[in-house]
Structure formats: C-alpha cells, structure tokens
Amino acid sequence: MVIKMKIKIAICGFKGKMGQCIYNYFKNIDTIEILSLIDTKVSKDDEKQYTNYKIYNNLSNEALENVDSMIDFTTPNAVLNNILTALNNNVNCIIGTTGLSDEQIKIIETITKEKNLFTLIAPNFSIGAILMMKFSKIAAQYMQNVEIIEMHHDTKIDAPSGTALSTAKLISNENIKNNNEEKILLDGVRGGKHLNINIHSVRLPGFLARQDVIFGLLGQTLTISHNTISREAFLPGIELAIKKSVQQKGFYFGLEKLMNLTF
Ligand code: NAP
C-alpha cells in the first residue's frame with residue numbers, strides 16, 4: 001500500500017479576507033495539511049478557536065518547522081520579510097500579496113535559485129483570468145481593433161486594475177488600431193490609453209472583479225469576458241501552486257508559468 005504524504009503548509013495572513021478563504025478551503029482538503037497559521041491580528045480568542053494548529057502573530061523559524069510551503073496573502077510591507085524568512089528555513093513560497101518591486105522580486109528569484117527551492121509570485125491566481133488573457137492574445141493577432149472594460153467593487157483603490165494593464169501589455173502589437181479622430185464632448189469618455197489600447201474602469205457595488213476584452217472587425221465583434229464572483233475563484237490556482245511547489249524547483253512569476261501556457 002502506498003501512503004501518500006500530505007503537503008504541509010503555513011498560511012501567512014490567515015485572518016485577512018483571502019487568508020480566511022484559503023484556511024476554510026484547505027482545512028478540508030485531504031492531500032494538504034495546515035501546520036501553522038500566522039497573522040499580526042492573532043488574539044487570545046484565536047488560540048481557543050484554532051486549537052488544531054500552531055498559531056503565531058509573526059512568521060518565526062518555529063512557525064515554519066516541518067512546513068513544505070508557505071502561502072502569503074498579507075501586505076506589501078510584510079511580504080518580503082516573510083519570503084526571506086521562509087527561504088532561509090528552506091520552505092517553498094506561494095505569494096499572492098501584491099506590491100513587490102522589481103528589485104525585491106529579483107532578490108527573491110536569486111535566493112530561491114541559490115537554495116534550490118520553489119517560489120511562485122502570482123499577481124492573479126484566477127485560472128479563468130489567465131485563460132482570458134491567453135485567448136485575448138490569440139484574438140489580437142486577427143482582430144486589431146480592441147478595447148478593455150474592467151469592472152470592480154467600489155472600494156478598489158487603484159484604477160485601472162493590474163489585470164487590465166497586463167492584458168493590454170500582452171495583446172499589444174504593432175497592428176493594434178484605435179479610432180482617435182472622434183470629437184470628444186466629455187473628458188475621459190473614451191477611457192485611458194495604455195499601449196494604444198483604451199481601458200475603461202467601472203467601480204460599482206455588486207461587482208467583485210470582471211473584465212471584458214472587446215474586439216471589433218468588419219461586421220462582427222468578439223467579447224472575451226471573465227467574471228470573478230467570489231474570492232473562491234483564486235483557490236484552484238492556489239491549490240495547483242501548492243501541488244507544484246513540492247514537485248518542481250525554480251522561480252516563477254505568474255500562474256501561467258505553472259499551466260504550461262506560453263504568452
Ligand atoms: P487583508 O484582508 O488586509 O488581509 C491581510 C492580513 O495579513 C491581515 O489580517 C493583516 O493584519 C495580516 N498581516 C499583515 N502583516 C502581516 C505579517 N507580517 N504577518 C502575518 N500577517 C500579517 O487583505 P486581503 O484582501 O486578504 O489581500 C491580501 C493581499 O493579497 C493583498 O496584497 C491583495 O492585493 C492580494 N491579493 C492577491 C490576489 C491574487 O490573486 N494574487 C487575490 C486577492 C488578493 P493587519 O490588518 O493587522 O495588518
């Protein structure tokens with residue numbers, strides 16, 4: 001009989017919105033075992049509630065004992081330290097926290113490779129969003145008139161979204177056309193332009209995250225639409241990353257790198 005080892009994980013930022021979603025999902029997955037839960041917000045009540053786990057208010061060496069892979073959904077200020085602590089303890093890293101600078105990412109890549117570990121930094125863990133970008137890239141080869149509409153909840157701080165900017169970067173090619181000759185009667189009505197592609201940002205309660213990439217060609221339009229209706233949308237991507245983290249080594253930026261997709 002083959003006994004399958006469970007993948008042992010630590011969740012950093014487990015009291016946050018994403019952290020709670022990740023905890024609630026993976027506590028019931030039988031191939032994965034949560035060993036440590038870490039969050040600066042840990043209280044005395046949490047110690048009573050999460051009795052099956054080791055819980056900490058910061059990522060210490062002890063919190064990483066016997067851990068295969070650390071998942072981080074914290075804050076831009078905390079994430080680099082957490083990653084360095086994990087790598088120093090020979091623990092693989094799966095990073096959802098956004099806001100790392102190019103310089104910090106380079107440092108993480110170097111240490112990951114030196115230590116022969118696995119690190120994934122994924123700005124978007126939604127598998128559907130990655131496919132939306134991939135399909136848009138294919139469409140842009142044949143339909144060169146395109147605009148992006150992204151729709152998010154009204155508490156999102158930044159506009160446009162990082163995904164809209166990444167999509168524009170991916171699909172942009174020298175043939176993309178943009179009709180700029182119209183008479184503008186209202187400032188901003190044609191959206192903002194990135195790499196010659198117009199991006200429109202909608203902010204309304206009721207949306208979580210949605211993006212439509214609309215292509216136009218003689219007599220036809222093609223809309224590639226991705227709609228995130230709950231934070232659970234990120235879980236299949238995180239689960240894929242946890243599995244890969246113990247099967248392969250290396251530094252990866254973007255979930256697509258684990259999906260055998262070339263962009
Ligand atoms: P959140 O609700 O604010 O949760 C973050 C949690 O981390 C908070 O409980 C925070 O505590 C805690 N924390 C801060 N510093 C810490 C540290 N040093 N050690 C341990 N815990 C710490 O935020 P969220 O919505 O879950 O999002 C978290 C991050 O994930 C953000 O950067 C967000 O942009 C990103 N995100 C990425 C994806 C993706 O697909 N890649 C998807 C969703 C979100 P305090 O409140 O006390 O600081």
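The values are calculated or read from the model by the stated rules, or taken from the named source; none is laboratory data. If you're wondering where the values come from, they're calculated on a predicted model, not measured in any experiment. With ideal geometry, Cβ positions are generated from the backbone for all residues, glycine too; neighbour counts draw on all protein chains shown.
The residue that is farthest from Ile224 (Cα to Cα), counting only those in region 82-92 that are more than 7 Å from the ligand (Cβ to nearest atom) and assigned to a helix (DSSP H, G or I), is Asn88.
In region 60-74, which residue that is under 25 Å from the mean Cα position of the chain (by Cα) and of a type in the set (Asp, Glu) is surrounded by the fewest Cβ atoms within 10 Å (Cβ to Cβ)? Once the filter is applied, the top-ranked residue is Asp68.
Looking at region 148-162 only, could you name the residues that are of a type in the set (D, E, K, R), in contact (Cβ under 8 Å) with a residue 24 or more places away in the chain and surrounded by fewer than 19 Cβ atoms within 10 Å (Cβ to Cβ)? Listed by number, the residues that qualify are Asp154, Lys156. Check region 6-16 and report whether any residue there is free of Cβ contacts under 8 Å to residues at least 60 places away in the same chain, aliphatic (A, V, I, L, M) and not in a helix (DSSP H, G or I). Scanning region 6-16, I find no residue that is free of Cβ contacts under 8 Å to residues at least 60 places away in the same chain, aliphatic (A, V, I, L, M) and not in a helix (DSSP H, G or I), so the answer is no. Can you name the condition, by its number, that Lys156 falls short on among (1) closer than 21 Å to Gln247 by Cα; (2) outside any helix (DSSP H, G or I)? If we test Lys156 against (1) closer than 21 Å to Gln247 by Cα; (2) outside any helix (DSSP H, G or I), just (1) comes out false. If only residues of region 101-123 that are within 16 Å of the ligand (Cβ to nearest atom) and more than 14 Å from Tyr252 (Cβ to Cβ) are counted, the one that is surrounded by the fewest Cβ atoms within 10 Å (Cβ to Cβ) is Ser101. Here Pro205 does not qualify as out of contact with any Lys or Arg (no Cβ under 7 Å at 6 or more places or on another chain) and closer than 21 Å to Thr75 by Cα.
Filter region 214-252 for residues that are more than 16 Å from the chain's Cα centre (by Cα) and under 26 Å from Asp102 (Cβ atoms) and give the result. Of everything in region 214-252, those that are more than 16 Å from the chain's Cα centre (by Cα) and under 26 Å from Asp102 (Cβ atoms) turn out to be Gln248, Lys249, Gly250. Among the residues of region 193-209, those that are part of a strand (DSSP E or B), crowded, with 16+ Cβ neighbours inside 10 Å and out of contact with any helix residue (DSSP H, G or I) (no Cβ under 8 Å at 6 or more places or on another chain) comprise Asn198, His200.
Of everything in region 1-19 that is more than 10 Å from Phe73 (Cβ to Cβ) and surrounded by fewer than 17 Cβ atoms within 10 Å (Cβ to Cβ), the residue that is nearest to the ligand (Cβ to nearest atom) is Lys6.
Among residues that are among the aliphatic types (A, V, I, L, M), closer than 29 Å to Ile107 by Cβ and buried (at least 20 other Cβ atoms within 10 Å of the Cβ), Leu165 is not included.
None of Thr51, Thr98 is at pLDDT below 95, near the ligand (Cβ under 9 Å from one of its atoms), surrounded by fewer than 22 Cβ atoms within 10 Å (Cβ to Cβ) and not hydrophobic (A, V, I, L, M, F, W, C) except Thr98.
Let's see how each residue does on (1) within 15 Å of the ligand (Cβ to nearest atom); (2) within 24 Å of Glu256 (Cβ to Cβ); (3) charged (D, E, K, R); (4) part of a helix (DSSP H, G or I):
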residue	(1), (2), (3), (4)
Thr40	yes, no, no, no
Ala78	yes, no, no, yes
Ile94	yes, yes, no, no
Met133	yes, yes, no, yes
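Total residues in region 56-73 satisfying the condition of being out of contact with any Lys or Arg (no Cβ under 7 Å at 6 or more places or on another chain), farther than 22 Å from Thr110 by Cβ and either near the ligand (Cβ under 10 Å from one of its atoms) or assigned to a loop (DSSP other than H, G, I, E, B) (or both): the figure is 6. For the condition touching a residue at least 60 places away in the same chain (Cβ under 8 Å), more than 16 Å from the ligand (Cβ to nearest atom) and more than 27 Å from His153 (Cβ to Cβ), what is the one hit in Lys257, Lys243? Going through Lys257, Lys243 in turn, just one is touching a residue at least 60 places away in the same chain (Cβ under 8 Å), more than 16 Å from the ligand (Cβ to nearest atom) and more than 27 Å from His153 (Cβ to Cβ): Lys243. In region 103-131, the residues that are assigned to a loop (DSSP other than H, G, I, E, B) form Cβ pairs under 9 Å with partners that are more than 15 Å from the ligand (Cβ to nearest atom) and among the hydrophobic types (A, V, I, L, M, F, W, C), at six or more places apart or across chains, as follows: Lys115/Leu87; Leu117/Leu87; Leu117/Ile111; Leu117/Phe251.
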